[in-house]
Structure formats: C-alpha cells, structure tokens
C-alpha cells in the first residue's frame, strides 16, 4: 500500500487509478487482508477506504451471525508441527470428507497438548495459559507456560516473561483487561493490556508421601506490554478454589463459585482493576446452587449471566440460567424454554456469547430411550409407546442399531435476546451438522473477528478416549 497514490491525500496531483475501481473490486481486494491488523491500518488511509471497510465489516458480521443460525459454517482445523496442516470441514457438503492444505512454517513454539487450561483473546493474539496432561493423579503434569497465537499469521509464540511465574495449575480463571495508558504513552500505545488470573489447582509431585490436590488463592497479573508477571500480596481475597468463573464488567472483575476438594461454592467476589483490591458484596436474594465448571458472561454495564455447571452432594449437572445485577447485588433465575435442545454436559464444554446468543460446543445429543447419539433423527420429547415400531427419535426399535464409533462436536444455540426484558431464554432446535471436529471436553473457546477459536481439550469419544489435543479449531461462515 505504500506505493499506491490515493486521490484524497495525493500531493503531486497525480490521478489515482485505484480510487476509481468499483467498490466491489476494492472489497474483494480487502478480503485478503487480516481483520486483526491490515484492515485496521487500511481504514486510516483515506475517507473512501474507511467507508468501504466499515460497511463491509458490518456486512461480514451480519453474515457470520446468520451463518451460525442456519448452519452455513465451516471448520478449519490447524494441526501445527513443522507444517501447518489445515483440514477444512464444511457441514452438509461432504460425508466426512475434508479438504486439506499444507504449508511449511517455522513454527517451533507450539503449546503441548493439554486440557483444563485458560484462554482469552486480547488484540491480535489468543493467549493460552496453564493446563494439565492427564486425568490420572499419578501420571499427570500441569503447566505454567504462556503461549499466544498470532491471529493474523496463525502462528504460535511462547511468551518470554519476566517476574515470578505463577505455579503450575489447571482450572484457574483468566480474563483480559484493556486500560487506557498515560498521556506520554498514548500515541504509541493507546491501551495497556493485562491478563488477570486467579485460583486453580494441581496434583502434587509424585514423590510426595501424602497425595492430595493443592488449591490456589493467589491473584496474579500479566502486563502484556512489559511481558511481566506481577503477584499481588493481598490481605483480603477469595478462598482457594478451582473451576470458578470470572468476567470483566466496567473496571471490575466479578468472580463466582468454584470447587474446594469436596466443597462447592456459590459466593461472589469483586476485584477492582484500578485499586487492585478484593471485596465480597452482600447478596440480597436467593443464590444459585453451589457449582463449578459453569460459564459466565457480561451482558452490559450492570448485569452478569451464568449458565450450567456441576455441583450439589451428588454432583448434579445444571442447565439453569441466572442473572446477577451488580448494582443491587441480587440474583434472578431465568426461564429456559425448549430444554429438549439443551446442550449436553454444560459443565465441561466451552461456550461463547455472540450477538446476544450463547453458543455451546458439545457432543451429539443422546436419545434418552435408545441411548444412541442423535444425528439425522429428531430430538424425542415423549417416550415411545410399547406398540411403536420406531423409537421416539426415529430409529427402528429392536433392530440393528448403527455403530457410532466416533462422536463429533455440535453447536447449540441459546437465544438470550429477551433475557433482560422478559427474563426468558430459548434453546434453538437441535440441528446435527457433519462433518465437524472430534468431540472433546475441558477445552477453551474464544471469539475473534467473525470467528470462534477452540483450542485443546480431552478427546472423549469411544475410539480416542483420553487423547489430548493441541489443534486450533476455527469456526467461521462458509462464504
């Protein structure tokens, strides 16, 4: 772009041929630029480019939102080693077939396979921290490394850090916070990025005489612009825990729930990101049941939503939805419609919020009567009668059931557009989409620019049980 003469800023009066191209051609050229870097710089060139790019960005967002609902999506699975191997899956167009591309990359800093890690998107990077390698108490390893994926180049970097690193752990919370920098730094660095982690747990080294998990209660901040860890010495902080949730609302981080060995928690803590202090506000209403493994989202400047989780004396699996008003500190339960299409096992499958909808990635739904994953059949609402030839899901009863050797991730959509006004949300009807990535649990999902980024996890189908993964799975519109 440096050699292109632009009519709006040309000083020598030369005619700009690029400016006279039809908008459709310019949009096509811009489509090859990264939305994380190049597009932002291109908007600063002149007014015409800014107008075209802004209009196209709005159009692309609309297409992405619509594609999530109508199933017109594609998966790109990045398997990175010495080569970047990309498998592209487009549900509904092939029967399990994939389109593969292979590009050699100098990519030696790929994270080890892991699960129960934490991940956030900040700027042009996906940050991944901590995690575990095994569910076994005697063979597991936990990490305290920090990696980031350049979302523009799709390459990994292991972040070299200063300061005292956090202890290895899993199931901690990590949020990203962008704070305006001081005046003397504003021109070169408008925002200072921070990653805030809290809690987590790990198994002790195998050479210990007493075997028992260790839970953490430390608050640590990673200053992105300095690449430096800072451990806070605080007099008041939440009790040690893991599997809790956290999200940023204005200049605060709100934390809820978690687990302590045999105990489950439902308390709320607030961390001020300006004063770096914790407080525990009094709750003036009925609380959600104690839980861990739930998801939490910030809806606006005053409201936080939680969904799912696991808790209770018998480790009950929850599918309920609650709102927390951070002004009145009152909880309110939300009515959930069409629970037949609810995502299975909300406690160990990741969710994201996109345009007022919660998107959960979980395995295929299982028929409650014939216990077979539902694929091209219907979600049963009533049990079959004794005289029925078919099961409620559509399969022939007492026949040869198809062998389902592998299970795959499916997308479940919870419409939350009326959750604030009417205190109601609705699960969209279940649609089976194939092909898609292998089913897994305890992975992470983050939103990028018109895409969702999934990383890692513990593959939990009947063929590759307990197999770890370090692939990056990217969901986008099939355009």
The range 18-70 -> Rg/Rh from Cα coords, Kirkwood Rh, value 1.01
The distance between the Cα centres of the range 144-165 and the range 417-476, in whole Å, is 23
Counting only backbone N atoms under 18 Å from a point 7 Å out along Cα-to-Cβ of residue 272, the residues of the range 236-262 in range are 236-238, 248-255
Taking 0.36 nm per residue of separation between residue 327 and residue 297 and subtracting their Cα-Cα distance, the length gained on full extension comes to 9.2 nm
Among the range 417-453, those whose backbone N falls under 16 Å of a label point 7 Å along Cα→Cβ from residue 21 are none
With 0.36 nm assigned to each residue of separation and the Cα-Cα distance removed, residue 214 to residue 447 gains 80.8 nm
Within the range 310-329, the residues whose backbone N lies under 19 Å from a label point placed 7 Å from the Cα of residue 252 along the Cα-to-Cβ direction are 322-329
Per the 1/(1 + (r/R0)^6) rule, R0 = 41 Å and r from the Cβ atoms of residue 50 and residue 406, FRET efficiency to 0.05 is 0.30
quick shape note, the range 407-479: Cα extents on principal axes in Å, largest first -> 44, 27, 23
One finds, for residue 225 and residue 316 with R0 = 45 angstrom and r their Cβ-Cβ distance, a FRET efficiency to the nearest 0.05 of 0.55
By Cβ neighbour count within 10 Å, fewest first, 55, 37, 327, 444 rank 327, 55, 37, 444
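Bear in mind these aren't lab numbers, they're just calculated from the coordinates by the rules spelled out. Since the model is a prediction, treat every value here as computed from it, not as a measurement. Please note: Cβ atoms are built from the backbone with ideal geometry, for glycine as well, and neighbour counts cover all protein chains shown.
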